[in-house]
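See structure below.
Bear in mind that the values in this text are calculations on the coordinates, not laboratory data. Every value quoted in this text rests on a predicted model; they were computed, and no experiment measured them. Glycine gets a Cβ as well: all are built from the backbone with ideal geometry, and neighbour counts include every protein chain shown.
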Amino acid sequence: MAIKPALVRRDFLKLGSVATLGVLTDGLSTTMAAEAANPAPARLRYDCIVLGLGAMGSACIYQLAKRGASVLGIEQFDLAHALGSSGGISRQTKVAPYLGGPYEPLIRRANENWRALEKDSGQQMFHECGWLELAVNKQLSPAQAASAGTRIEMLDASALANRYPQFHNLPAGTNALLDHQGGLLRSELAIASHCHVALRHGAHIRAREVVMDWTSNEAGVTVTTSRGTYRAKHLVIAAGAWNVRLIPHLRDRLRVTRLSLGWFAAERPEIFKVENFPIWGHGAYYGFPELPDFPGVKVAKHWRGDPTAPDRMDRTPNASDEKLVRDHLAKHLSSANGTTLAFKVCMYTWGGPWLGPLPGVKHVSFIAACNGGGFKFSSAYGEALADLATDGKSELPIEFMNPI
Ligand SMILES: Cc1cc2nc3c(=O)[nH]c(=O)nc-3n(C[C@H](O)[C@H](O)[C@H](O)COP(=O)(O)OP(=O)(O)OC[C@H]3O[C@@H](n4cnc5c(N)ncnc54)[C@H](O)[C@@H]3O)c2cc1C
């Protein structure tokens, strides 16, 4: 399954264009030239190779390494970079929307796994600040009303105004559901922590190394990168938006789009602190409280996004990115409509979501198309991928995500 990366470090070296390498490869610095000319010695054969160490791949190597499997994770950029789909400091998680559906056991497992990762790494990445969903005449679903042990509150218009006066000018009849199990996950910290613990358990990680080709036969898999060739019993492909290039089966089934995220100064930051303010959703818009170590109230719009491709996406935020969220802030959350403190762009991948063995190919499984809501599940998806790699099946209920 040869792929043709737009930029391959080795080609630049051959061309003698080392000086331009750092700029053209989106972060692969020229300091890597010596390493590239001198490929790293590879272990003969791993139990598993994980391609891509974003949200899904990092969770997978963590799970595999903890089980004692010999695992190699390969990442084309730096660990916990912001060039894929997991950058931007924080992601939302919630339980209420998934009650009674196929994702309920997965979100519960994911939350257990986030807590386990916090213990293993000594880092706090899950701030359980609650999730507030504002809507006109919001009602509990039958599954939400029946769910025992799930802390959900309904706030009528006056309770909403009293508890969260930050929101204003709401349409008549707006009330809210408050899911106390919801909260903020620190995305880059989670990826770095997964990698950290995996390394501690003996995983090998090669960052700034691009997978260019992979093949599979009865005996296992062979993965060719910009620095060497590696063999394993199993390959997990978790390349996010780049799956479109690595998995021929998906070429016409994935769509990648560009979205943006903004952080804005609040008039009174203390009322937006993570201790006082939840993550929230209001129609297509959603937002986050302010973290003690990252300034600003984060707000974004969940929509289909502008079609793009991972290697040619415009990563510079522009005026219309900002206008998209400013309009909502001005209307409903004006006390957070201060100066722009940060803006980032990010990619959704639409299609599945799929998780399972790659159809018709031995010893390869994959995860793809986790679009705008996949991060919160990544700690559980990583476990399911590790199960498939080691046992060929998983106890987690992932059948509904079976691939094409
Ligand atoms: C703006 C935005 C907001 C979001 N908000 C939320 C939210 O609030 N809650 C939520 O749950 N989800 C959210 N999501 C979705 C979630 O973040 C993604 O579904 C998830 O992060 C995807 O993880 P991934 O591992 O599939 O992709 P990535 O994290 O992008 O990882 C893929 C990795 O593979 C590497 N790779 C690719 N090709 C190669 C190669 N050839 N060789 C080596 N490495 C390679 C890439 O460099 C990358 O690191 C949001 C997404 C975006 C873009």
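Cα-Cα over 29 Å: which of K119/K323; K119/K301; K66/K393; K66/K233?
Over 29 Å Cα-Cα: K119/K323; K119/K301.
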*Dipole size in debye (nearest 20) for segment 266-392 around its Cα centre, Lys and Arg Cβ +1, Asp and Glu Cβ -1?*
340
*In a Debye calculation with equal point scatterers on the alpha-carbon sites of segment 162-264 and no solvent, what is log10 I(q)/I(0) at q = 0.15, 0.18, 0.22 Å⁻¹?*
-0.93, -1.15, -1.37
*Take the alpha-carbon centre of segment 335-399, take the same for segment 205-255, and report the distance between them in whole Å.*
16
_Distance histogram in 5 Å bins (all Cα pairs of segment 334-404, percent per bin)_ = 3, 14, 22, 20, 12, 8, 5, 5, 6, 3, 2, 0
*May I ask which residue of P97, Q76, G351 lies farthest towards the positive end of the charge dipole of the chain, with charges of +1 (Lys, Arg) and -1 (Asp, Glu) on Cβ and the Cα centre as origin?*
Q76
*Using a Gaussian network model of the chain whose springs link C-alpha atoms within less than 10 Å, name the residue from S334, S121, S158 with the highest mean-square fluctuation.*
S158
*Mean Cα-pair separation over length for the chain, i.e. relative contact order, pairs under 8 Å, 6 or more apart, %*: 23
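Take R253, R91, R315 and order them by how many other Cβ atoms sit within 10 Å, fewest up front.
If I rank by nearby Cβ atoms, fewest first, I get R315, R253, R91.
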*Any number yet on Rg/Rh for segment 133-222, C-alpha, Kirkwood?*
1.28
*Convex hull of Cα atoms in segment 285-404, direction-averaged projection (nm²)*: 10.2
_Dimensions (Å) - segment 60-128, Cα atoms, principal axes, largest first_ = 37, 30, 25
*asked:* Mean-square fluctuation check for the chain, GNM, Cα pairs under 10 Å: which of Q63, Q76, Q166 is largest?
replied: Q166
*Cα centroid distance between segment 76-154 and segment 263-287, in Å?*
17
*Beyond 35 Å, what share of the Cα-Cα pairs of the chain remains, rounded to the nearest whole percent?*
28
*asked:* At 0.692 mPa s and 37 °C, plugging the Kirkwood radius over alpha-carbon pairs of segment 54-213 into Stokes-Einstein gives what diffusion coefficient in µm²/s?
replied: 184
_Taking the number of other C-beta atoms within 10 Å as the exposure measure, put Y46, Y381, Y62 in order starting with the fewest._
Y46, Y381, Y62
*Assigning unit charges at the beta carbon (Lys, Arg +1; Asp, Glu -1) and nothing else, what dipole magnitude in debye, to the nearest 20, does the chain show about its Cα centre?*
760
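To the nearest 20 debye, what is the magnitude of the charge dipole of segment 309-383 about its Cα centre, counting +1 on the Cβ of each Lys and Arg and -1 on the Cβ of each Asp and Glu? Can you show the working numbers first?
Numbers: 8 positive and 6 negative charges, 6 e Å.
Dipole about the Cα centre, nearest 20: 40 debye.
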*Compare N337, N318, N243 in a GNM of the chain, Cα atoms joined below 10 Å, and give the one with the largest fluctuation.*
N318
*How big is the antiparallel share of DSSP beta bridges in the chain, given as a percent to the nearest 5?*
75
